[in-house]
Amino acid sequence: MNRDKISAFTLRIASSNGCGLISVLYDIYEEYETDALDNFEAGQVEEAIQALKRCSQVVNHLQKDLNFEYKVSSNLYALYDYVQRNVAKSIYKADTEGLLEAKKVMDELGDAFEQIAKEDSSAAIMQNTQHVMAGMTYGKASL
């Protein structure tokens, strides 16, 4: 992941509410997943393994942050465990087989959390952050 994407994710995190933050984590996972697949395709196995380890870190974060007061958390924990095992399989075998299995689950979950985040109208988690608007930069004499 390059610096521009990291900056974009940082801005999204700073302005997200709880559900939006989960959605951002799924997008980060997807970015690392794409990096791993691209690196495997290019024959860069070490870089692919590093990207897979980052995928595993994101899933570990999602798994640790589950609130088990809700029944669905047990199901999500099991799905994240399945994803972790498949990512580990890809790391140890140095191929895409496990990652492609994990991708199926993470894509479905990511789409679901994206829909939930769109419906969530709660306030952003981080309160005193700078509001960023996309657009052109302007100065005194020019736009």
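The values are calculated or read from the model by the stated rules, or taken from the named source; none is laboratory data. All values reported here derive from a predicted model rather than from experimental measurement. Note: areas computed on protein heavy atoms with side chains; ligands, DNA, RNA excluded. Shrake-Rupley method; radii C 1.70, N 1.55, O 1.52, S 1.80 Å.
Tabulated data for the structure shown
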| item | result |
| --- | --- |
| Extended-chain gain in nm, criterion 0.36 nm per residue less alpha-carbon gap, Tyr92 and Asn75 | 3.5 nm |
| Length released on extending from Asp4 to Ala112, taking residue separation times 0.36 nm less the Cα-Cα span | 36.3 nm |
| Candidate residues Phe68, Phe113: accessible-area rank, largest first, probe 1.4 Å | Phe68, Phe113 |
